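Report on the following structure.
The values are calculated or read from the model by the stated rules, or taken from the named source; none is laboratory data. Given the structure is predicted, the values throughout are model-derived calculations rather than measurements. Here the Cβ positions follow ideal geometry from the backbone for every residue, glycine too, while neighbour counts run over all protein chains shown. Accessible surface is based on the protein model in full, side chains and every heavy atom, while ligands, DNA and RNA are left aside. Shrake-Rupley method; radii C 1.70, N 1.55, O 1.52, S 1.80 Å.
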Amino acid sequence: MWARAALLVGFALGLFCAPAAVGARHVSVGYNSPASLRGLDVLTRIDSLHVAEVSTSDVARIRLRPGIRWVRTTVSRQHLGETLVAAPRGITAIEWEFGATRSNLVPESIARAATGITIAVVDTGADLAAPTLAAKALITHNAVTGGSAISDATGHGTFVASIAAGSVTGGFALNGFGGDAKLLIVQANRSKNTFDDVDEAAGIVWAVDNGAKIVNLSIGGADTSQVERDAIDYAISHGVLLVAAAGNSGQSGNVPSYPAALLGTHGLAVGASTTAGKRAGFSTVSQYISLAAPGVRVLGATTGVASTSTYPRVKLAGQPGLYAFGSGTSYSAPQVSGAAALVWAANPSLTADGVVQILEQTATGAGTWNSAIGYGVLDAASAVARALGVPPPAPGK
């Protein structure tokens, strides 16, 4: 009875409409009230931002509707995995990134305490059967459908989520950087490789409203929009830390990547580093870079549908599930998201800005910034020690 009543209300407001007309395109609109959308083909509605995505063949008419504040063409997004590069010399361990960031020196008690911190991964969804993810009590949301059912047709979201906070207690070869941090998996792509700014924003807002302290955004594009800026501001105003991949345009003009370029001092834009602690050639050089983390042949969980060229499989004896290597700033960002959860677990009184400052000031640059790798490569052990107010582990440990 309730469902039928809800449908009747939806039809009355014009929120459930016939299929889009031929020649229709997607636009984002700012509106004053849901009634302003009456009669439109609404694909997504974000009440907190008073923004919706609409399919229309008559943009000019929408601009003239009462209660519509603005109309913009939607902006595309893509995940920021990179075509796999050759194995760097000197890799002696499959999970070299843990030693490179000294995450392996973080006290186990802090990894356990991270259960009080929630990381949201806004991405292509995830394969919930991947063992390192299945071992956790995941909360899922689909920003496109509004429901909880998700999937992962590319393997990217699965890979990112496993790095951010895959299980560290199940005896798996792959350990997530966030210890026992909780995971929200938010799927924001409409088809295999299609994102837009409205679905991204809807995912961010849902994550904030559902308890995320950290939101990982391993996605980006060359343009930004009002709705994306509003979603970023919404998260910041609610004390949530945004961590975004800095982009992979280091060999193609260093084109800025959004949302990373929007974060400023209130978030972390993460570049990719090599085993030598230098910038990976593909990693974008820019004034908005906060710090770097390993981004070359990083180990992650994968799925059977993921490309074997993008994610070359690795056999791990006696381990359930599928694993692969991936390169890109996409896989650097979740390492920092996980480390941020550990810092917050070490000192729950910190603000998001406080976590940002600790991670930047304890990175390998010793407080010195440059546009290639920001304040340097992530040093998780030193960051956690700073949050605890104790000396960091000695170099070389």
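Figures for the structure shown
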{"read-out": "Matching residues in segment 148-168 - criterion: being open to solvent by less than 10 Å² (accessible area, probe 1.4 Å) and out of contact with any Ser or Thr (no Cβ under 7 Å at 6 or more places or on another chain)", "value": "161, 163, 165"}
{"read-out": "Qualifying positions in segment 60-70 - more than 15 Å from residue 39 (Cβ to Cβ) and open to solvent by less than 80 Å² (accessible area, probe 1.4 Å)", "value": "60, 70"}
{"read-out": "Residues being part of a helix (DSSP H, G or I) and in contact with a strand residue (DSSP E or B) (Cβ under 7 Å, 6 or more places away or on another chain) - total across segment 214-235", "value": "6"}
{"read-out": "Which numbered condition residue 279 misses (of (1) charged (D, E, K, R); (2) touching a residue at least 40 places away in the same chain (Cβ under 8 Å); (3) surrounded by fewer than 23 Cβ atoms within 10 Å (Cβ to Cβ))", "value": "(3)"}
{"read-out": "Subset of segment 365-377 [under 22 Å from the mean Cα position of the chain (by Cα) and in a loop (DSSP other than H, G, I, E, B)]", "value": "371, 372, 373, 375, 376"}
{"read-out": "Residues within segment 354-364 that are in contact (Cβ under 8 Å) with a residue 60 or more places away in the chain and not in a helix (DSSP H, G or I), tallied", "value": "2"}
{"read-out": "Single residue of 49, 43 found to be part of a loop (DSSP other than H, G, I, E, B) and either buried (at least 16 other Cβ atoms within 10 Å of the Cβ) or not acidic (Asp, Glu) (or both)", "value": "49"}
{"read-out": "Condition broken by residue 195, with the remaining ones in (1) assigned to a strand (DSSP E or B); (2) in contact with a helix residue (DSSP H, G or I) (Cβ under 6 Å, 6 or more places away or on another chain) satisfied", "value": "(2)"}
{"read-out": "Residue selected from segment 236-265 under the condition part of a helix (DSSP H, G or I) and modelled with pLDDT of 95 or more, by the criterion nearest to the chain's Cα centre (by Cα)", "value": "260"}
{"read-out": "Residues satisfying the stated conditions in segment 378-388, i.e. within 17 Å of residue 271 (Cβ to Cβ) and either part of a loop (DSSP other than H, G, I, E, B) or open to solvent by 20 Å² or more (accessible area, probe 1.4 Å) (or both)", "value": "378, 379"}
{"read-out": "Subset of segment 221-235 that is at pLDDT 95 or above and acidic (Asp, Glu) - its residue that is farthest from residue 75 (Cα to Cα)", "value": "233"}
{"read-out": "Residue match in segment 316-326 (condition: touching an Asp or Glu at 6+ places or on another chain (Cβ under 7 Å) and either under 25 Å from residue 250 (Cβ atoms) or at pLDDT 95 or above (or both))", "value": "no"}
{"read-out": "Complete set of residues in segment 103-147 that are surrounded by 24 or more Cβ atoms within 10 Å (Cβ to Cβ) and in a loop (DSSP other than H, G, I, E, B)", "value": "106, 117, 124, 125, 126, 127, 130, 143"}
{"read-out": "Among the candidates 270, 296, 255, residue that is among the β-branched types (Val, Ile, Thr) and open to solvent by 50 Å² or more (accessible area, probe 1.4 Å)", "value": "255"}
{"read-out": "Within segment 229-252, tally of residues that are open to solvent by 10 Å² or more (accessible area, probe 1.4 Å) and touching a helix residue (DSSP H, G or I) at 6+ places or on another chain (Cβ under 8 Å)", "value": "7"}
{"read-out": "Matching residues in segment 167-197 - criterion: being modelled with pLDDT under 95 and among the β-branched types (Val, Ile, Thr)", "value": "168, 169, 194"}
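Okay, residues lined up against (1) touching a Leu at 6+ places or on another chain (Cβ under 7 Å); (2) not aromatic (Phe, Trp, Tyr):
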position: 32; (1), (2): no, yes
position: 37; (1), (2): yes, yes
position: 40; (1), (2): no, yes
position: 47; (1), (2): no, yes
position: 52; (1), (2): yes, yes
position: 60; (1), (2): no, yes
position: 70; (1), (2): no, no
position: 76; (1), (2): no, yes
position: 81; (1), (2): no, yes
